[in-house]
1. State all residues of the range A:3-42 that are in a loop (DSSP other than H, G, I, E, B), within 13 Å of chain B (Cβ to nearest Cβ) and farther than 30 Å from residue B:401 by Cβ; if no residue qualifies, say none.
2. From A:77, A:69, A:91, A:127, grab the single residue that is within 29 Å of residue A:170 (Cβ to Cβ) and surrounded by fewer than 21 Cβ atoms within 10 Å (Cβ to Cβ).
3. Whether any residue in the range B:281-297 is under 26 Å from residue B:198 (Cβ atoms), surrounded by fewer than 16 Cβ atoms within 10 Å (Cβ to Cβ) and out of contact with any strand residue (DSSP E or B) (no Cβ under 9 Å at 6 or more places or on another chain) is what I want to check.
4. So if I check each of B:385, B:376, B:412, which one is more than 11 Å from chain A (Cβ to nearest Cβ) and either at pLDDT 90 or above or more than 20 Å from the chain's Cα centre (by Cα) (or both)?
5. Which of the residues that make up the range A:43-89 are without any contact (Cβ under 8 Å) to a residue 40 or more places away in the chain, facing another protein chain (nearest Cβ under 10 Å) and farther than 28 Å from residue A:129 by Cα?
6. Name every residue in the range A:90-115 that is over 26 Å from residue B:396 (Cα atoms) and within 14 Å of chain B (Cβ to nearest Cβ), in order of residue number.
7. Among the numbered conditions (1) within 14 Å of chain A (Cβ to nearest Cβ); (2) under 23 Å from residue B:66 (Cβ atoms), tell me where residue B:363 comes up short.
8. Does residue B:249 qualify as being at pLDDT below 90 and within 28 Å of residue B:218 (Cα to Cα)?
């Protein structure tokens with residue numbers, strides 16, 4: 001399907017905070033109580049509409065386990081948005097946010113929009129991190145904040161879509177250089193200034209790729 | 001870069017393939033032919049079109065692993081090269097099959113026995129994705145046919161330990177693999193004018209059947225068994241340097257293959273015309289050692305094999321000497337056919353699983369892995385992963401292996417150059433990397449169960465019905 005823009009997202013945060021469940025709820029509108037451990041990276045995609053423009057979100061769901069941290073780091077590059085997720089019922093996942101944020105800031109492009117997400121808001125009785133604490137952390141570090149529940153779907157749409165709105169505004173303001181793919185934004189085929197029609201099969205397949213080896 | 005990616009997409013749609021620097025497609029213009037199989041990633045990864053595009057991101061090189069478990073939780077992971085070709089030219093496949101045997105009983109009923117087998121293959125393509133795709137789609141069918149041809153004799157081997165009428169089971173299975181490899185190569189030969197030029201590929205295959213592991217290798221992918229901290233090789237690399245003797249002897253027997261430009265002699269250094277009349281060190285095709293001769297005009301020809309290690313080449317063109325395809329491959333400058341020097345014949349190694357232990361694995365990897373780590377480092381990573389992870393440990397081990405070999409970009413933001421580095425700062429692998437990590441113990445247990453059932457059949461009373469083993 002055609003789209004005006006493609007935004008690349010990355011979801012990060014400690015293991016077990018519900019990153020994959022948030023993605024599944026957003027892409028498939030369902031909740032899977034027992035989710036397999038993510039290894040490395042898994043992909044998701046969905047089309048949304050902002051300002052009556054079709055925007056495709058390409059989402060990289062990463063492993064939270066420490067053992068995969070160095071692999072996860074390599075995926076920050078070229079992301080336009082990041083969802084940094086903690087679990088409101090486990091304080092240590094909140095305490096690790098600074099580490100995640102440092103990682104993200106260090107390895108991503110400086111314009112990346114970061115949405116802080118306190119997940120599992122349905123488990124109010126087991127809450128260990130107050131909503132105000134999340135808000136304060138977000139304010140202090142210049143993040144957007146939201147509490148969500150991947151289980152009830154509360155705020156899940158909003159989390160993904162608000163991040164996209166934020167990116168979209170930055171594009172309108174000219175903050176993002178949309179021609180630089182490293183920013184995690186791609187112009188859709190029909191908007192592309194150089195939109196070559198599909199070449200006939202006869203054209204040469206000469207490689208433009210650099211040869212690094 | 002953005003345009004580069006887009007053009008990659010467009011060209012994929014039109015089915016064009018990239019050629020890389022060291023190997024060129026031959027002189028035939030076949031770009032108007034369609035590819036035999038559409039480009040994609042291995043079937044068991046279950047990637048959609050979008051994900052296939054995402055997986056080919058040369059700047060992020062995502063490490064992809066199966067979304068659903070493979071048999072016995074076998075591990076697999078892969079990542080694309082750092083930009084040397086648009087697409088990941090490696091392919092991988094696994095299949096589970098059954099050989100059936102129906103035996104009439106004395107009571108007039110029939111008894112049906114089923115011999116299960118599991119097949120894994122990895123194929124490292126060059127000069128395009130075609131040959132590797134064909135091998136990943138077709139080789140297992142051919143192997144199955146060859147095994148079916150041999151199944152009666154394989155069966156005799158189970159019921160009668162020493163039958164004079166047939167050959168040992170190992171030789172039947174090795175023969176099935178060997179003849180299947182040859183047929184696969186023939187198929188690419190027959191297809192070469194029907195479908196788009198396919199390039200070539202290496203082939204590394206593991207077959208688990210009747211309590212044994214058969215590893216067939218043609219090319220420079222490599223299989224090792226990791227057992228606790230130790231490892232031992234299950235394949236050898238077929239590179240020009242390692243196959244020096246075979247190729248030089250062939251050249252000596254059929255000098256016409258060398259044209260006017262090449263020689264089967266080997267010199268310590270490539271002789272120059274200014275060296276004419278001087279004494280140089282050389283060896284002939286049949287020689288192991290070195291001798292001396294006075295340099296003459298005829299000695300100024302280029303050695304059929306040049307370079308060392310990973311950089312050794314046949315006719316200055318190709319760095320791997322066994323595999324499938326390359327039927328139209330010619331020397332880069334001299335345009336002589338190279339295929340006569342290449343072979344599809346695999347070396348088959350056999351490993352009995354009777355002593356297999358927990359966490360003992362077969363590790364299969366394309367040269368993208370082995371370019372930057374050796375067997376002992378690989379065994380160390382595998383052993384560490386298997387101890388560290390409880391859930392999905394074989395997939396995790398495969399992911400860690402690919403992650404190690406791929407390394408990371410040295411400069412996360414400013415540099416757009418593709419310099420991938422290992423942790424210690426050395427160059428990482430910029431080739432496509434594919435890895436299987438296959439636990440051996442389940443195949444031992446599978447075989448023990450099979451034998452138990454057969455014994456029940458033999459001595460039990462169940463032979464009255466159509467029963468399965």
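1. Hit for the range A:3-42 is A:3, nothing else.
2. Within the list A:77, A:69, A:91, A:127, the selection yields A:69.
3. Of the residues in the range B:281-297, the ones under 26 Å from residue B:198 (Cβ atoms) are none.
Checking the range B:281-297: not a single residue is under 26 Å from residue B:198 (Cβ atoms), surrounded by fewer than 16 Cβ atoms within 10 Å (Cβ to Cβ) and out of contact with any strand residue (DSSP E or B) (no Cβ under 9 Å at 6 or more places or on another chain).
4. Residue meeting the stated conditions: B:376.
5. Passing the criteria: A:43, A:44, A:45, A:71, A:74.
6. Across the range A:90-115, the qualifying residues are A:105, A:109, A:110, A:111, A:112.
7. (1)
8. Considered against the rule, which asks whether it is at pLDDT below 90 and within 28 Å of residue B:218 (Cα to Cα), residue B:249 comes out as no.
The values are calculated or read from the model by the stated rules, or taken from the named source; none is laboratory data. Note that this is a predicted model, so its numbers are computed, not measured. Cβ: placed from backbone, ideal geometry, glycine included. Neighbour counts: every protein chain shown.
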